[in-house]
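Here's the structure we're looking at; comments come further down.
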Amino acid sequence: MSPILWHSVFFVFLAALACAFAVAVVLAGDVVRMAFYLIMSLAAVAGLFFLADARFLGAMQLMVYVGGTLVLLAFGVMLTARGSLSSMRSGGGQWILAALLGGLLLAVLLQTVVPLGMRERDSPLPATEKSARSPAQGEGPSPALTTQLALGLLGVRTEPLCAGAAGPTPPPAPAYLLVFEIISVHLLVVLVGAAYLARATRPRTKEEALGIR
Amino acid sequence: MSILPTEPEIVELDLASDEMLLNMGPQHPSTHGVLRVALRTDGEVVTGLTPHIGYLHRCGEKIGENLMPRQFLPYTDRLDYLAGMNMNLGWALAVEKLLGMEPTEKARHLRVLVCELGRIASHLVAAGGYGLDLGSFTPFMWAFREREKILDLFEELCGARLTYSYITVGGVTADLPPGWLRRCADFLRQFEPVIGELHTLLTSNAIFIRRTAGIGVLGPETAVDYGCTGPVLRGSGVAWDLRRQGEPIYTRMYDGYRFEIIAQVHGRYPEDEPYPAVPAEAVLGDSWHRYYVRMLEVVQSMKLVRQAIERYGQAKGGIGEVLKPRHRLPKGAAYLETEAPKGQMGFMVVGDPGGTPSPVPWRVRIRSSSFCNLSVLGELCRGCLIADVPAIVGSLDVVLGEIDR
Amino acid sequence: MADGLIQHFGVYPCWHWLVYLTVGLVQAGLLVAMVLLSVAVCNWMERKVSARIQDRLGPTRAGGRFGWLQSPADGLKLLCKEDLMPAGADRMLFRLAPYISFCAAFAPYLALPLAPGWVVQPLRTAVFFMLAVTGLEVFGVILGGYASHSKWALYGAMREAAQVVSYEIPLGLCVVTVVLATGTMDLVQIADAQQGWFWHWHLRNPFLFGTFWIYMTCATAGTNRAPFDLPEAESELVAGFMTEYSGFRWLIFFMAEYTTMLLLSLLAAILFAGGWNGPLPLAGWLGLSADNGLLAAWLGDALGACNLLAKGFLGLTFMMWLRWTLPRLRIDQAMATCLKYCVPLACAMLVGTALWTFGMRGGFSGKAEKEDRGADNNVQVTILNSQFAILPGPALAPRLMPEGGRNP
């Protein structure tokens, strides 16, 4: 009986959780529930980090994303979720647009990841760092592959790396900065939108307050 | 201030879109009774407040028109139920004023004795309950432990812990049981250090000061305008105490007794005892000063009790001739205010104006000190935070029994 | 431990997973049992401590003179209560909120070492992990307050969330101060740096002594205990975010609060007061170390765990003492205390500790060299260096310290 690849089992489980909750975010009707599902999804991602033995990063994910960003999100949602905002249903056109964008993103990710995986399977790279533990059953990708994967997602071409094999990793390409800029502008837009939505409308006269026209 | 009533501020109607209407009570875990406070808040800041009363209304005044004065006495116990003795005294003195009766000397000293013990008991509830409102659970238990001892003394005396009906028209109902004075003196002796403990836990506690100093500041003119009396008035610096400045029929009860009127006069409180110092953050007329006045009055009451014990021992005679039940009340009216623990309690009893002598009064009217003290709550709470409202209500020390009657 | 069992019994490879599962379940079960038992003891202690402070007796009937069965009796009563849910409540979130709170309170125990050999999941970044997960408890609070469909509950939830999140900052700063002084985030190493007599504890450092008190203040505030319990304040808001919770659901919230209190107390004991090292080096005198065999090592660990739990419960008693003595701070005063007092003081303590450590390097006990060990690889784990786990499951044997862990 071949040994069960427990690593893969847990990976599939956590990834399925993350995806399921992400889908739930999109499909949920109530804004607060959406925030809650997002919390669960990001917690599952943190679990994936712990599974990858990146414990510092997993704790960082929990602290920054789940404990920080999502607390802020939950606050904002709860304080503004009144009336029309409390149930967000998107129309048919928005669904198609969203599916298109999501599909495009999936295509970009697959295009980066799949060739790397195929290359690894055909000609595995020598590992640059070995873990302190004895490698028993089950396999994981070698460290050099993760380097390539990370750089590939950032838009840096990584073929020259395969020939070079061992050696210190090159510094990240300038593309990293562009990604940060995009994120910062996005957050600014979110803040401005939140401030606009949360502005108080004070009635100017007593008649308005009492509802008399 | 004009005597015409201004448009009543109905908090519920004047609500802006981002303001919230909150209700505190009538059931909430506070010691003051069934009081409902409607708050209009902008976030955490209170922009308007209206107290709603009447949840404990029992038609006391109407019942007084059907009962003889001695029969009405138990109903006065239930007004300020935390200081029943003082309520009994007010009613008894008012009827005595109408009838022109005078109690005996022994009864006079007994009345001082039990009324001042009742004042201590009432202020212990005020202080302990105030701590409880602010989240300090222990002084409440310690204050009530001491109050239990006073209630035990009262139970020995008249058989009841809360609704005494002890001071009656003409005197008191019974003389002291043997050994009572010794037990009372023992109680006073062991009570003194407890006051110091309460000072440590509350009066000088930094968090307590932060919660009460500068909160709910009541100016002396506003206090007088709204008819506030008792510690609320004295906490604003007005040295007015009916035990010295009231009607002779009342003040002669305290003739020969030495005690101080607790109010900050010319920037200083009376210095007959080592009281804790006034903190720098406390503003005259704030909640801290009202609480402080009560704590100092407890010490004064202790002095009065000690003097009363001494003078009772020297007094001769009986405890008074109690009014005969069917004694007809003359035509006329008598109104008398006494210094109850919470302020000035006024009782009016009107004999039949038509002239038919009847043992039952034509009209009974009770002027409640807490009613007027509570009326200033709207003024005090404007602009404060929601968490300050219990601090202010607690410092006013209202009891709904006498507000609603 | 699982590896040891596999080797000892010569288990077939296809059954390895069962061994891991069993070991994992046993350890998880022991941990849950320990935490729940501690909560029950905490509850009893609270009632007795509060009673004695208030000059009364507390429970004296349930289970004999000392009322020690009062906690199980209360739990049983709460189990039997009617399960109420407010009419407009969000049912799923209302049900989930207490469990989120409790899970977030309980999860850090996975990384908490009771003794050098007794830790479910030894982490090199244990302290960071614990802080991160403890910060998730606020979700249970917010969701509970929101899902109760009550204005008062939402008010209380918002206030509590604001307070907890604010006090995480000085709490983190205090912890970072200790990490700075020790050079590692691993709790086992932090406590082992304090081996010996009680003057080897971190409290000897005057800045860490100050940090300890700031930490206790922030811990009290972070768990919403008086004097910082305005969100649960009775006089104004009935019970804050817990208003609509009754019976068993309330019990879970309540357990979460005690669990977090105990966790922060134990963490304080490890960070500042030597952890499992007692005031006297008894284990060394009695020879309870790995050199003398498995039993001696186990006894040494047990002694250490008792030490640690005693210190943790002392910290708990201190928090209870505070609750029953002091009045409550208003929410704006609590936030002012955090931002105007705790944060600057914590920063000052951080700077002071850095200077003190620098000046004392190679100082009193010659243990300074420990501070350098592990400083590099602990704090700089990056995604580019990540290793994939080879073996699944909990409780791989402590990989950093040899068994017993009593290296001088």
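The values are calculated or read from the model by the stated rules, or taken from the named source; none is laboratory data. All of these numbers come straight from a predicted model, not from anything done at the bench. Cβ sites come from the backbone with ideal geometry, for glycine too, and all protein chains shown count toward neighbours.
Odds and ends about this structure:
- Considered as a group, the residues in region B:33-53 that are part of a loop (DSSP other than H, G, I, E, B) and out of contact with any helix residue (DSSP H, G or I) (no Cβ under 6 Å at 6 or more places or on another chain) include one that is modelled with the lowest pLDDT, and that residue is B:Gly43.
- Residue in region B:236-246 that is of a type in the set (Lys, Arg) and either farther than 21 Å from B:Gly118 by Cα or crowded, with 16+ Cβ neighbours inside 10 Å (or both) present: yes
- Long-range neighbours under 8 Å by Cβ, at least six apart or interchain, first residue more than 21 Å from B:Val232 (Cβ to Cβ) within region B:259-276, second of a type in the set (D, E, K, R) and in a loop (DSSP other than H, G, I, E, B): B:Asp272/B:Glu260
- Of the criteria (1) modelled with pLDDT of 90 or more; (2) under 22 Å from the mean Cα position of the chain (by Cα); (3) not β-branched (Val, Ile, Thr), which one B:Pro26 fails: (1)
- Among the residues making up region C:155-169, a single one is touching a residue at least 24 places away in the same chain (Cβ under 8 Å), within 9 Å of chain A (Cβ to nearest Cβ) and under 21 Å from A:Asp30 (Cβ atoms): C:Ala157.
- Yes/no for A:Leu105 being over 23 Å from A:Tyr196 (Cβ atoms), at pLDDT 85 or above and within 20 Å of the chain's Cα centre (by Cα): no
- Those residues of region B:283-317 which are crowded, with 21+ Cβ neighbours inside 10 Å, aliphatic (A, V, I, L, M) and farther than 19 Å from B:Arg244 by Cβ, in sequence order: B:Met295
- Residues in region C:141-154 that are more than 18 Å from C:Asp229 (Cα to Cα) and more than 9 Å from chain A (Cβ to nearest Cβ): C:Ser148, C:His149, C:Ser150, C:Lys151.
- Taken over region A:34-82, the criterion of being more than 22 Å from C:Glu168 (Cα to Cα) and at the interface with chain C (Cβ under 7 Å from one of its Cβ atoms) is satisfied by A:Leu51, A:Ala52, A:Asp53, A:Ala54.
- For region C:137-153, the tally of residues that are surrounded by fewer than 24 Cβ atoms within 10 Å (Cβ to Cβ) and within 28 Å of C:Ile270 (Cα to Cα) stands at 0.
- Considering only residues in region B:156-170 that are part of a helix (DSSP H, G or I) and free of Cβ contacts under 8 Å to residues at least 40 places away in the same chain, the one that is farthest from C:Met320 (Cα to Cα) turns out to be B:Cys158.
- In region B:378-399, the residues that are in a helix (DSSP H, G or I) reach residues that are crowded, with 21+ Cβ neighbours inside 10 Å and of a type in the set (Phe, Trp, Tyr) with C-beta atoms within less than 7 angstrom, at least six apart or across chains, in these pairs: B:Gly394/B:Tyr130; B:Ser395/B:Tyr130; B:Ser395/B:Tyr291.
- Residue count for region B:319-338, restricted to those that are touching a strand residue (DSSP E or B) at 6+ places or on another chain (Cβ under 8 Å) and touching a residue at least 40 places away in the same chain (Cβ under 8 Å): 13
- Residue, nearest to the chain's Cα centre (by Cα), within region B:124-155, restricted to residues that are small (Gly, Ala, Ser) and in a helix (DSSP H, G or I): B:Ala126
- Residue in region B:118-133 that is within 30 Å of B:Lys324 (Cβ to Cβ) and in contact with a helix residue (DSSP H, G or I) (Cβ under 8 Å, 6 or more places away or on another chain) present: yes
- Test: residue in region B:122-142 that is within 28 Å of B:Pro248 (Cβ to Cβ) and crowded, with 24+ Cβ neighbours inside 10 Å: yes
- Criterion: surrounded by 12 or more Cβ atoms within 10 Å (Cβ to Cβ), over 30 Å from the mean Cα position of the chain (by Cα) and not assigned by TED's automatic domain parsing to the domain that holds C:His149 - qualifying residue of C:His8, C:His16: C:His16
- Taking region C:186-232 as the range and being over 27 Å from C:Phe358 (Cα atoms) and of a type in the set (A, V, I, L, M, F, W, C) as the test, the residues that pass are C:Ala219, C:Ala221, C:Ala226, C:Phe228, C:Leu230.
- Total residues in region C:204-215 satisfying the condition of being modelled with pLDDT under 85 and part of a helix (DSSP H, G or I): the figure is 1.
- Residues (within 25 Å of C:Cys218 (Cβ to Cβ) and part of a helix (DSSP H, G or I)) located in region C:265-294: C:Ser265, C:Leu266, C:Leu267, C:Ala268, C:Ala269, C:Ile270, C:Leu271, C:Phe272
- In region C:319-335, the residues that are at pLDDT 90 or above and outside any loop (DSSP other than H, G, I, E, B): C:Met319, C:Met320, C:Trp321, C:Leu322, C:Arg323, C:Trp324, C:Thr325
- Test: B:Val364 is within 23 Å of B:Ala333 (Cα to Cα), more than 14 Å from every other protein chain (Cβ to nearest Cβ), surrounded by 23 or more Cβ atoms within 10 Å (Cβ to Cβ) and in contact (Cβ under 8 Å) with a residue 40 or more places away in the chain: yes
- Applying the criterion of being hydrophobic (A, V, I, L, M, F, W, C) and in a loop (DSSP other than H, G, I, E, B) to the residues of region C:90-140, the residue that is farthest from the other protein chains (Cβ to nearest Cβ) is C:Leu114.
To keep it simple, each residue is scored yes or no on (1) under 27 Å from B:Ala206 (Cβ atoms); (2) modelled with pLDDT of 90 or more; (3) among the polar types (S, T, N, Q); (4) crowded, with 24+ Cβ neighbours inside 10 Å.
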site	(1), (2), (3), (4)
C:Phe198	no, no, no, no
C:Ala221	yes, yes, no, yes
C:Glu244	no, no, no, no
C:Leu251	no, yes, no, no
C:Thr260	yes, yes, yes, yes
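- Set side by side, the residues B:Arg382, B:Arg405 differ, and just one is over 15 Å from B:Tyr75 (Cβ atoms) and of a type in the set (Lys, Arg), which is B:Arg382.
- Tally of residues being away from chain B (no Cβ under 11 Å) and within 19 Å of the chain's Cα centre (by Cα) across region C:304-347: 17
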